[in-house]
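Encoded as structure tokens, the structure appears first; notes follow it.
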Amino acid sequence: MNEKMIIDTSALYAVVDRRDPNHARAARFLRSFGRQGLFLLSNHVFDETMTLVKMRLGVSVALQLGVRLRNSRHIEMIIFGQREELATWHLFSRYTDKGWSYTDCASLALARQLGVQQAFAFDHHFRQMGLLVFPQ
């Protein structure tokens, strides 16, 4: 497993919610990339995903997803420290003309810090950031 990719809430939600219009594409991509690569999941995206899934699909679905994410050998959870938080704040403060959320900026900060050029996302902001977005 040497290929790494940022994973976004939009992708995780699409995988979990079978009614999401991107569900089938997300599930296929998750299975195919997961065999060869490693998804990088920041604590910001984990937080956002848990909250969204709990609000839309219920607490039991959120808990099941949380356990799966925390125990997956295909996902590396990245907990932000002071350095990463500062980088996130700088991006959030700098790109005020964009619709990027703080969590989006955290993902970009992580990608830049680790030299990762790709993201598993359905959020167009990742293309604006210059990342290669999957599934294409």
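Bear in mind that the values in this text are calculations on the coordinates, not laboratory data. These numbers were taken from a predicted model, which means no experiment stands behind them. Here the Cβ positions follow ideal geometry from the backbone for every residue, glycine too, while neighbour counts run over all protein chains shown.
Quick notes
- Choice from 113, 36, 82 with maximal GNM fluctuation in the chain (Cα, 10 Å cutoff): 82
- Around residue 63: net Lys/Arg minus Asp/Glu count, Cβ-Cβ under 12 Å: +3
- GNM flexibility winner over the chain from 69, 114, 91 (Cα, springs under 10 Å): 114
- Long-range HN-HN contacts of residue 120 with modeled amide H, under 5 Å: 6, 7, 8, 134
- Net charge of neighbours whose Cβ lies under 14 Å from the Cβ of residue 10, counting Lys and Arg as +1 and Asp and Glu as -1: -3
- Averaging the sequence gap over all C-alpha pairs within less than 8 Å and six or more residues apart, then dividing by the number of residues, gives the chain a relative contact order of 30 percent.
- The calculated 222 nm mean residue ellipticity attributable to helices in the chain amounts to -17500 deg cm²/dmol, summing -39500 (n - 2.57) over DSSP H runs of n ≥ 4 and dividing by all residues.
- Between residue 79 and residue 56, the contour length at 0.36 nm per residue exceeds the alpha carbon distance by 5.8 nm.
- Most mobile listed residue (43, 71, 22) in the chain, GNM with C-alpha springs under 10 Å: 71
- Within the chain, no whole DSSP H helix has Cα atoms reaching 30 Å or more along its own axis together with a mean Kyte-Doolittle score of at least 1.0.
- Efficiency of FRET from Cβ geometry, residue 36 and residue 86, R₀ 35 Å, rounded to 0.05: 0.60
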